[in-house]
Number of protein chains: 2
Amino acid sequence: MAHTSHTGEAADCISVVLHRRPDGAPRKDDFELVHAAIPTPGDGEVLTRNIMLSIDPYMRGRLSDRKSYATPVQIGEVMTGETVGEVLASHDPRFLVGDVVVGARGWQTHTISKGAALTKVAAGVVPLSTYLGVLGMPGTTAYSGMTDIGKVKPGETVVISAASGAVGSVAGQLAKRAGARVVGIAGGPDKCLWVQEVLGFDACVDHRANLEADLADACPRGIDVYFENVGGNVQRVALSLLNNFARVIFCGMVAQYNERELPPGPNLGFMVAKRVHMEGLLVFDKPGRMQEWREKATPWIQDGSLKYRETILDGLENAPDALAGILTGDNFGKMLVRIGADPVG
Amino acid sequence: MAHTSHTGEAADCISVVLHRRPDGAPRKDDFELVHAAIPTPGDGEVLTRNIMLSIDPYMRGRLSDRKSYATPVQIGEVMTGETVGEVLASHDPRFLVGDVVVGARGWQTHTISKGAALTKVAAGVVPLSTYLGVLGMPGTTAYSGMTDIGKVKPGETVVISAASGAVGSVAGQLAKRAGARVVGIAGGPDKCLWVQEVLGFDACVDHRANLEADLADACPRGIDVYFENVGGNVQRVALSLLNNFARVIFCGMVAQYNERELPPGPNLGFMVAKRVHMEGLLVFDKPGRMQEWREKATPWIQDGSLKYRETILDGLENAPDALAGILTGDNFGKMLVRIGADPVG
């Protein structure tokens, strides 16, 4: 990654911009670190000092030219990503200097945002990182998917792929609270152990081992709800075990985000015979869910009953590695980059 | 097809039984014509003389050993199929000799049924054949799919595969009544012409011609609802044109019912980005819909506003050919076999 200064002076705002579109897995030198002066907010705008940056699988889609639900990041543009930060200057009366806010977007140390994009959060109640993970977009995604599509009934079998991830770990714990038998799928024995022992899933299957036989063993009564975060072979095996009237929540397919050509999928004949309901989910379609989830889950974070885990890389310059890692499962739990220190006091 | 008499005398009940499981497309000699005495109904049972037999794509599934939602027909068993018939003898007080009933099952001239399986229909109001097609299981399937899954809004684009078939022709006309732009997919120019000119679809694309370009041309604003009866390449092309929040009604995939190995399906990455809702449908899951549909649609048959078309083969011995034909699209509209004459007067 090259370091350039656009101004050559007072260069205190550092941003990661897209240097070229990755071919396959993103690499560090697909990005460029750019130094510039700290910008000044205009009318209705707010300047934040970013503390923590969320790294999420959807970001891979923003690096491609492929048409999708969101505009891709352009070459030379600052890479997008949600942050939690501290207000340094505000021309929006709703935000004061020192407020902690979520919603400023960008892989950068300082961001200018419209006030309408920001949400003030309480400092000192829960760790600030949770506003980007378990209480943020990933947690809300899990909550929406389970509430609107999964509709888990007690005694049903629920399977969660990427079970140790930011979304999967919440989805599975919600299914447990709903009285289901919950089976995770994760990569490697460490993650599987954590999913069973800490998250309290009934079982967790290592997709790098004998997935087909192990998942069938773990789901003796078939699968009623499948929460899809992965795609590929994991998807194929999980769909083969669906029961009549099963629901499949399509949240992501991280296994194929680096693929140049999309592989074929499963034959869909089972859709009719089993009357399966499959539905795709993007969290921003129902904006009210975020606040609803934050209010519901904050006490569960405080009393320790909702478990979560984070991998935090230190320093903005490590954001490209963090993204590359999340696409291959190097992270354990929610992936974050620390950009600056928590506010004092 | 061999002709055998199990009794050698008073052999007036003729049945088509499964002789061996078809390998690929069913053939006439996979079945056997069996003569026997006309049976006598027991307690609570009804004997019908069958007039018309419905031939439907789902029947191919009953010929395979593959596990599905229904038990396969066993070798030597009478092939299953819905009939409309006349009561010849009844030990159920709800049915009188001469009543016309739907629900007796079997490729045969005479059937013994439990009274609970039968529904009395009015004779002389609409052609009896309609109780097996446009007013029967296929029509109700279309109605259920559009009501429970399709939820068409005015101005949306709705695509119907097998558009000239018993289900598709009703599904498309319902979408027109809901104010949608309706595009059919059918096999060959004759069917396409009928779908446009008689059913009144806005367009109909011949899947044997240039499907990919023609369907895109016919759906300039993409596809909001896809009614799936076919599978294979038609499915692949239709799914590639889905809009955000599209609904896909999985009713059948007739193109693959004769396949020995199921081909792969589409990559499902679009499910997330487009928030697609896909759902499978079997008409018997909501038994109330049949009566509801019959009451709603009978006036539309009487006033001629709901169009339908039938292919009727004459003689029970032609039922195997009728089934083979429906799996390759030889039929035009609802496929039926006439077994006996309509009741007199």
So which residues in segment B:231-289 are in contact with a Cys (Cβ under 7 Å, 6 or more places away or on another chain) and closer than 30 Å to A:MET59 by Cβ, if there are any at all? B:LEU241, B:VAL272
Would you be able to tell me the number of residues in segment A:67-123 that are among the hydroxyl-bearing types (Ser, Thr, Tyr), in contact (Cβ under 8 Å) with a residue 60 or more places away in the chain and crowded, with 21+ Cβ neighbours inside 10 Å? 4
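Mind checking which residues of segment A:18-52 are closer than 18 Å to A:GLY115 by Cβ and in a loop (DSSP other than H, G, I, E, B)?
Step one: filter segment A:18-52 for residues closer than 18 Å to A:GLY115 by Cβ, giving A:39-50.
Hits for segment A:18-52 are A:PRO39, A:THR40, A:PRO41, A:GLY42, A:ASP43, A:GLY44.
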Residue check: is B:VAL283 within 11 Å of another protein chain (Cβ to nearest Cβ), closer than 21 Å to A:ALA246 by Cα and free of Cβ contacts under 8 Å to residues at least 12 places away in the same chain? no
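Take the residues in segment B:232-266 that are assigned to a loop (DSSP other than H, G, I, E, B) and at the interface with chain A (Cβ under 7 Å from one of its Cβ atoms), then tell me which one is surrounded by the fewest Cβ atoms within 10 Å (Cβ to Cβ).
We begin by selecting, within segment B:232-266, every residue assigned to a loop (DSSP other than H, G, I, E, B); these are B:241, B:251-253, B:257-264, B:266.
Then keep just the ones that are at the interface with chain A (Cβ under 7 Å from one of its Cβ atoms); that gives B:251-253, B:262-264, B:266.
Working: B:CYS251: 29, B:GLY252: 29, B:MET253: 26, B:LEU262: 15, B:PRO263: 14, B:PRO264: 12, B:PRO266: 19.
This residue is B:PRO264.
What are the residues in segment A:189-202 that are over 10 Å from A:ALA163 (Cβ atoms) and either in contact with a helix residue (DSSP H, G or I) (Cβ under 7 Å, 6 or more places away or on another chain) or touching a residue at least 60 places away in the same chain (Cβ under 8 Å) (or both), if any? Full working, then the answer.
Start the filter on segment A:189-202 by keeping residues that are over 10 Å from A:ALA163 (Cβ atoms), which leaves A:189-190, A:193, A:197-198, A:200, A:202.
Hits for segment A:189-202 are A:ASP190, A:VAL198, A:GLY200.
Please specify each residue of segment A:267-279 satisfying the condition of being out of contact with any Pro (no Cβ under 7 Å at 6 or more places or on another chain) and either of a type in the set (Ser, Thr, Tyr) or at the interface with chain B (Cβ under 7 Å from one of its Cβ atoms) (or both).
The first filter runs over segment A:267-279 and keeps only residues out of contact with any Pro (no Cβ under 7 Å at 6 or more places or on another chain), leaving A:268-279.
Passing the criteria: A:LEU268, A:GLY269, A:MET271, A:VAL272, A:ALA273, A:LYS274, A:ARG275, A:VAL276, A:HIS277, A:MET278, A:GLU279.
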Residue check, A:ASP303 more than 14 Å from chain B (Cβ to nearest Cβ) and at pLDDT below 95: no
Exactly one of (1) in the same structural domain as B:GLY252 (by TED's automatic domain parsing); (2) part of a strand (DSSP E or B); (3) charged (D, E, K, R) is unmet by B:LYS153. Its number? (2)
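Within the group A:ALA171, A:ALA186, A:ALA175, A:ALA209, which residue is more than 16 Å from A:THR157 (Cβ to Cβ) and crowded, with 23+ Cβ neighbours inside 10 Å? Working first, answer last.
Working: A:ALA171 fails: more than 16 Å from A:THR157 (Cβ to Cβ); A:ALA175 fails: more than 16 Å from A:THR157 (Cβ to Cβ); A:ALA209 fails: crowded, with 23+ Cβ neighbours inside 10 Å.
Sole residue among the options that is more than 16 Å from A:THR157 (Cβ to Cβ) and crowded, with 23+ Cβ neighbours inside 10 Å: A:ALA186.
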Could you pull out the residue among B:MET335, B:MET290, B:MET253, B:MET278 that is under 30 Å from A:THR71 (Cα atoms) and within 22 Å of the chain's Cα centre (by Cα)? B:MET278
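The values are calculated or read from the model by the stated rules, or taken from the named source; none is laboratory data. All values derive from a computational prediction rather than experimental measurement. Backbone-built Cβ (ideal geometry, glycine too); neighbour counts: all protein chains shown.
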